[in-house]
1. Show me 281-292, 652-663 ranked by packing, highest mean number of other Cβ atoms within 10 Å first.
2. Within region 72-148, report the trypsin sites (Lys or Arg not before Pro) that DSSP leaves as loop and that have at most 16 other Cβ atoms within 10 Å.
3. Hey, rough spin-label estimate for Ile230 and Lys628, points 7 angstrom out along Cα→Cβ, what's it come to in nanometres?
4. Tell me which residues come under 5 Å, amide H to amide H, from Met538 once H is placed; ignore anything under 5 positions away on its chain.
5. Calculate how steeply helix 243-252 sits against the longest principal axis of the alpha-carbon atoms of the chain, using the helix alpha-carbon long axis, and give the answer as 0 to 90 degrees to the nearest 10.
6. Along each of the three principal axes of the Cα atoms of region 605-647, give the extent in whole Å, ordering the values from largest to smallest.
7. Using 0.36 nm per residue, how much length does the chain from Thr554 to Thr361 gain when fully extended, once their Cα-Cα distance is taken away?
8. Nearest 5 percent is fine: what portion of the DSSP beta bridges confined to the chain is antiparallel?
Amino acid sequence: MRTQSGHLQGCQREEVRKCSSVEVPWGQFRALSGEDHPTLSMTWKYFLEETEWHRKHSQVTYDLEISRCDLQCEVNNANHHTDLNGTDRLIVRRGQAFTITLHLHSGQFEPGVSTFSLVVETGPCANESSKTKAEFVLSESPVENSWSVVASDHDEYSLSLSISSPPNACIGRYSLSFKQNRSVPLGDFILLFNPWCPGDSVYMNDEDSLSEYVLAQDGLIFRGTHKSIIPAAWNFGQFEPGILDACLRLLDENPKFLNNADRDCSKRCSPVYITRVVSAMINCNDDKGVLSGRWDNNYKDGVSPMSWNGSVEILRDWDTMSCKPVKYGQCWVFAAVGCTVLRCLGIPSRVITNYLSAHDTNSNLVIERYFDENLRLIPNKSKDMIWNFHCWVESWMTRLDLKSGFDGWQASDPTPQERSEGEYCCGPVPVRAIKEGELTLKYDAPFVFAEVNADEVCFIKRKDGTQQKMHFTAKVGEKISTKGVGSDKREDITHLYKYPEGSDEERKVFEKANHQNKLLQKDTEEGLNIKIKVSQEMKMGSDFDIFAVITNNTPMAKLCRLMFCARAACYNSVMGIECGSKDLLNVQLQPNEEKRIPLRVIYSKYCHAITDQNLIKLAALLIDYGTKDAILAMRDIYLENPPIKIKILGEPKANRKMAAEISLINPLSESLEDCTFCMEGANLTEGKIIREKISPVAPGQEAKVKVYFCPTKAGLRKLVVDFNSSRLRDVKGYRNVIIA
């Protein structure tokens, strides 16, 4: 009852306090107050007043006791385009709100009265000054460009919260906790880049491009030669189980993190920084990187780079083997794995192939090559060379660290070639900077500029020690290629890297880049000229003709020597065993006469020389006895493998077993031993490689296998196939499969 001062006595106050946190029926209050009390109705009035006073002044009553937290993984992951990673944990993208629900054991949320804060932390040294920790109080509306929390719904037993992260938040693993007098852990989540968010520096405003460069789990990588471009399917598999964990581990194993974790984690807000870390960590040259590179055709203690069909097994092996490098990779494997990691982290990325790609080690924009008098390449101290093709990665982002005009596609290269700021990595550098000759922009612009613009100069070294520069018309940076958006067509993007040859714009770029060799160069076919022509069809196992076409564009007769040879080659232009040659000491050419000199290339000679890349380098050297001029022509040819046929049996449906029949014809004149088909596909083969061995296949006979697998997701997928045997190695094929 009230005292004369108008307050309930202490014992009644305590009972009222207990009742004030819930709705107390009138009858229950009568029992509390005493049925015979003469001031019962007045006491009820004072009870309501006391309850209101308590609501305003007692913090204890509205402390929320949380029984459990629902991170709503299924809904949030779907809204954030991360549901392909699964829905067993929360994976969200920065700059976009996500919702969680707190289920309450006691206490009740009161809008405008209840107050609390949330705390998010990432990294082992989380702190607010590094922006790896944030504490933010409940607010009425989201706070732009900052962590914030808003109550979106509530009832007597639960409270739903909408949490927003800034679009420049650091990516990585986060812990989330609730703070109201004490801290209560709510769970963990992963935060990724968000190319769907306009405020994120990786924002891309085209849905088709986002589907291709972020969500597509398979694609095409182009190999072969610039005259014979060969597409090969690749399973990026960035959403397969275990891949996201491997990618996050890759960030935590990089030397910058190991040296200063706080500084490294604070920089994970930048896609430029992340891309540079990934470029260094895909190779293992100076860290605990993913892949070991090898180019000598000796892969007995590992896997031939040609045998890989996807990134999934590579990243899983690296992760499960305590970060020991996987053996082996070459440029397209490095680039493809790098693309997988960047897409997984949320940065739009694609694999690029540059044909006739220069490797300039001394930054003079000139590749010097020396041959002996028998057209054998002479090793020199410089590692300069022209690769038949070279692959790297492009990633889409805004370059906040550079002057305006250089946003968009940025080139980075995980293949270990040269050191950049002390480590084996390259880029990212704006593609536009390469086109405009802006070689002072970060990172590694001179090296990438040389890859598409360097000049090749060839010399012949004679037995007497003298050397002579040969007339040689070289092409560098041809048919720069990537997979088209939403199709399997090749997209030629050479125009993004270079102005048209011979244009005024090209000359201005060369002047800006101080490319003197190109500025002084003149195209001419005056005098003697030589070209190499080939047959229309050059298939593995066949014999075929190649031709040296020589022309005398002078008014005088010429007496010349012609050396014409074919050698097995690797895609980085390293030449192997000779598989055909011709040396004509007395070639007579009348004024303005053209001659075609054939050379027969026979399978019995090249079968033991050729590598699993099916490349042969042709070289023809014409020496004018009168002037001593030497004219050189070179060309790479690719021997086409037999096609792999893939027949889908039945109607493909998600979560239902299906079959495919896979076959090829042995085109060789000898039996194939040790035959194996390997198949994989994102969301098709449960993230695994299916291997099927078959018996030997006689000449002209069919190698055939039937495989079973169970798709897990609907949509367009690629079944990627590799066939390997004793003589026919790493034959590639794929089939698009629409899963209902």
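1. Numbers: 281-292: 23.9, 652-663: 15.2.
Result, highest mean Cβ count within 10 Å first: 281-292, 652-663.
2. Numbers: sites: Arg89, Arg93, Arg94, Lys131, Lys133; in loops: Arg89, Arg94, Lys131.
For trypsin sites (Lys or Arg not before Pro) across region 72-148 that sit outside H, G, I, E and B with at most 16 neighbouring Cβ atoms in 10 Å, the list reads Arg89.
3. 4.3 nm
4. Under 5 Å from the amide H of Met538: Glu640.
5. 90 degrees
6. Taking max minus min along each principal axis of the Cα atoms, region 605-647 gives 62, 21, 12 Å.
7. Values: separation 193, 0.36 × 193 = 69.48 nm, distance 3.87 nm.
Once the chain is fully extended between Thr554 and Thr361, it gains 65.6 nm.
8. Working: 152 of 171 bridges.
Counting only bridges with both partners in the chain, antiparallel ones make up about 90 percent.
The values are calculated or read from the model by the stated rules, or taken from the named source; none is laboratory data. For clarity, every value in this text was computed on a predicted model and none was experimentally measured. Glycine also receives a Cβ, built like all others from the backbone with ideal geometry; neighbour counts cover every protein chain displayed. All accessible areas refer to the heavy atoms of the entire protein, side chains included, with ligands and DNA or RNA removed. Shrake-Rupley method; radii C 1.70, N 1.55, O 1.52, S 1.80 Å.
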